[in-house]
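Notes to accompany the following structure.
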Amino acid sequence: MGDFLGAFALIKREQRYLFVANERQIHGASRRVWDLPGGRVEPAELLHEALRRELREETRLEVVGAPELAFVQEGERLVGGLRRHAWRSFFFIVDVSGEPRADSEVLDVRWMTEREIHAECSAPYHDSFRAWLERGGSHFISRWEDAGELD
């Protein structure tokens, strides 16, 4: 697995943030996790282009206006103490039109309160978003450690 460059959306309505369900391998086990909508930036694609494409593919939502940069997360995934890859993810506050619906790339969509986010979003890479909710900030460093083989 190579390094990852990602763009993710912070969509808030009535004190709830939009999340999408994915199946991930975390610490050697398959888990359903709730993630912010977004994903990998493809070659020759700008961040805002990737954000718009990913939102459309995952939720059928359309971005309205210009996304506003909220924070950046840099991270490293370690397996057996060795760095296997790094990631850089950009998180944008966006306005959207339409109602979210799970499309073929995700299992479900859900609006979550901050309390639900803190209770249910415990994947290693969720630490930066939870910290941003608690105290704000613009740059976070994250670490994901696995003891065994990389999936």
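Structure above, values below:
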| item | result |
| --- | --- |
| Förster radius 35 Å - calculated FRET efficiency between Leu69 and Arg143, Cβ distance, rounded to 0.05 | 0.95 |
| Label-to-label distance, nm, for residues given as Gln25 and Arg83 (7 Å Cα→Cβ offset) | 2.2 nm |
| Pairwise centroid distance, computed over Cα atoms, of the stretch 60-99 with the stretch 122-143, Å | 11 Å |
| Environment charge at Glu54 (Cβ cut-off 15 Å; Lys +1, Arg +1, Asp -1, Glu -1) | -3 |
| Over the chain, relative contact order from alpha-carbon pairs under 8 Å, at least 6 apart, % | 31 percent |
| Order of His139, His48, His27 under a 10 Å beta carbon neighbour criterion, fewest first | His139, His27, His48 |
| The stretch 6-118 - charge dipole about Cα centre, Lys and Arg +1 at Cβ, Asp and Glu -1, debye rounded to 20 | 420 debye |
| Per residue, the convex hull volume that the Cα atoms of the stretch 19-83 enclose (Å³) | 122 Å³ |
| For the stretch 109-151: rounded, prolate or oblate by the Cα gyration tensor [a/c cutoff 1.5] | oblate |
| Beta bridges by DSSP in the chain, antiparallel share as percent, to the nearest 5 | 65 percent |
| Selection of trypsin sites (Lys or Arg not before Pro), the stretch 85-151, meeting DSSP coil and at most 15 other Cβ within 10 Å | Arg101 |
| Gain upon complete extension [Leu107, Glu120; 0.36 nm per residue less C-alpha separation] | 3.1 nm |
| Anisotropy class of the stretch 8-48 from Cα gyration tensor, a/c 1.5 cut | oblate |
| Inter-site label distance for Arg130 and Ala44 at 7 Å from Cα along Cβ, in nm | 4.1 nm |
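Bear in mind that the values in this text are calculations on the coordinates, not laboratory data. All values reported here derive from a predicted model rather than from experimental measurement. For neighbour counting, all protein chains shown are included, and Cβ atoms are generated from backbone atoms with ideal geometry for every residue, glycine included.
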